[in-house]
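Remarks on the structure that follows.
Nothing in this text is a laboratory measurement; each read-out follows from the coordinates by a stated rule. It should be emphasised that the depicted structure is a prediction, and the values quoted were computed from it without experimental measurement. All Cβ positions, even for glycine, are placed from backbone atoms using ideal geometry, and neighbour counts span all protein chains on display.
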Amino acid sequence: MRDVLEDLVGWWQAGETVGMGTVVATWRSAPRPAGASMLVGPDGTAVGSVSGGCVEGAVYEEAKDAVETGVPTLERYGVSDDDAFAVGLTCGGILDVFVESISRESFPELGEVAESVDRHEPVAVVTVVKGPDDRLGRRLVLWPDRSSGTLGLQRLDDAVAADARGMLVAGRTGLLHVGHDGERRGDDLTLFVNSFAPPRGWSSSARSTSPRRSPGSAPSWGIG
């Protein structure tokens, strides 16, 4: 999400609803790492990338559906070597992408998250990406000394917060598996921990940019 955060916050501040797909897991040499995101803005603008051009067309459509229905989904995509070569990548892989809608209502803490990232303060965003409907898409935002949001149960929040803060300290983004009520040996829930730890060797001159298309234009990833 870091690579599209500026655009996401801009739409969020304007009160718009945005579709977002985020890579939450990868196998083999997947084109993009966990945490890479793609947005579909309210005007159809596409920002960011989840696979370097291999599955963006499918994610674009899923993101539009998520905005329309408000229902998040977890999608698995396989990128063949041939498809990867066609868009200039060296090899394919498998990636899981969590697709959801983002708005002030669904993610009220986004402004605070962006401020922390801008100030290079550690913060982690924990999202339920697989589980029962009443938990799917729930979010917990963690700072070293506080938290906001809930995954649906205090016991679950406490268990996940302890593990996710450990990942934040290590600067690690990835998945956690816990039981419905936070049992560490369970696997009822799959949670994605997106850690925003200040990068080592960061300097104010190192700023990332996101590929962006003109407003209202659909991307050219095989969309007819």
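Computed quantities for the displayed model
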| item | result |
| --- | --- |
| Net charge, Trp27 excluded, C-beta distance under 10 Å - Lys, Arg +1, Asp, Glu -1 | +1 |
| Vicinal HN-Hα couplings computed from phi for the stretch 183-189 (Karplus, 6.51 cos²θ - 1.76 cosθ + 1.60; Hz; Gly/Pro x) | 4, 6, 8, x, 9, 5, 10 |
| Those GluC sites (Glu not before Pro) in the stretch 94-167 that DSSP places in a loop and that have at most 11 other beta carbons within 10 Å | Glu105 |
| As computed over the stretch 121-196, the Cα convex hull volume per residue (Å³) | 71 Å³ |
